[in-house]
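**Q** First the structure, which I've put down as structure tokens, then a few questions once you've had a look.
The values are calculated or read from the model by the stated rules, or taken from the named source; none is laboratory data. These numbers were taken from a predicted model, which means no experiment stands behind them. For neighbour counting, all protein chains shown are included, and Cβ atoms are generated from backbone atoms with ideal geometry for every residue, glycine included. Ligands, DNA and RNA are stripped out before the accessible areas are found, and what is left, the full protein with its side chains, is counted by its heavy atoms. Shrake-Rupley method; radii C 1.70, N 1.55, O 1.52, S 1.80 Å.
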Amino acid sequence: SEDPILTGKIAAAACLGIGKYGCFATVKHLCCNNQEFCRTLCDSVVSERALREIYLKGFEIAVKEAQPITLMSSYNIINGIRASENWDLLTGILRNEWGFKGLVTTDWWNHALQYKEIAAGNDIKMPKGNPEHTLQMILEGKLDPECVRTSARRLMEAILRLD
């Protein structure tokens, strides 16, 4: 919707309604997913005010009112950083400011580097990750192993929430 309040309220209600039946909804695509053509390459250049008032507000409402189990990051680049590799977005805002406790998953076949995604707070690489490269980045000191443990912990907590 072009109205972020309406979007957030509908998303929260959908998450809560679906959750009543033992299933869960994935809120997507965080954020600035403005086009389909070449969306893995486009860079959404946006001010912090527009980002918070227009592009993030619906997600904020959904997270705060429904605490969904999963949220999907978008394919695109935002102000020069891939959404799935963006610590400020996934950890700073989503987790620290809004209190999101669930899993963040990438969109399918994105062009981001998994070790950067893990460091940013993205938990699952869709449809598959690259564990060999991730291990190499840990061994080279480019990825803190605690980030991997944190992602694994969030995955286990999500599984337990469904049981």
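**Q** At most 11 other Cβ atoms within 10 Å plus a DSSP loop assignment makes a site exposed; report the longest stretch of the chain without any exposed GluC sites (Glu not before Pro).
**A** That gives 37-139 as the longest site-free run.
**Q** Next question, about the same structure. Once you list every other residue whose beta carbon is under 12 Å from the beta carbon of Arg154, what net charge do they have if Lys and Arg are +1 and Asp and Glu are -1?
**A** +3
**Q** Can you tell me, using C-alpha contacts under 8 Å and at least 6 residues apart, the relative contact order of the chain as a whole percent?
**A** 21 percent
**Q** Mind checking segment 1-62 for trypsin sites (Lys or Arg not before Pro) that DSSP puts in a loop (not H, G, I, E or B) and that have at most 12 other Cβ atoms within 10 Å?
**A** Hits after loop and neighbour filter: Lys20.
**Q** How much accessible area per residue does segment 1-132 have, in Å², with a 1.4 Å probe?
**A** For segment 1-132, the solvent-accessible area averages 51 Å² per residue.
**Q** For every other residue with a beta carbon closer than 14 angstrom to the beta carbon of Thr70, add +1 if it is Lys or Arg and -1 if Asp or Glu, then tell me the sum.
**A** Counting the neighbours of Thr70, the net charge comes to +3.
**Q** How many percent of the accessible area of the chain is carbon or sulfur, using a 1.4 Å probe?
**A** Ligands and nucleic acids excluded, carbon and sulfur give 59 percent.
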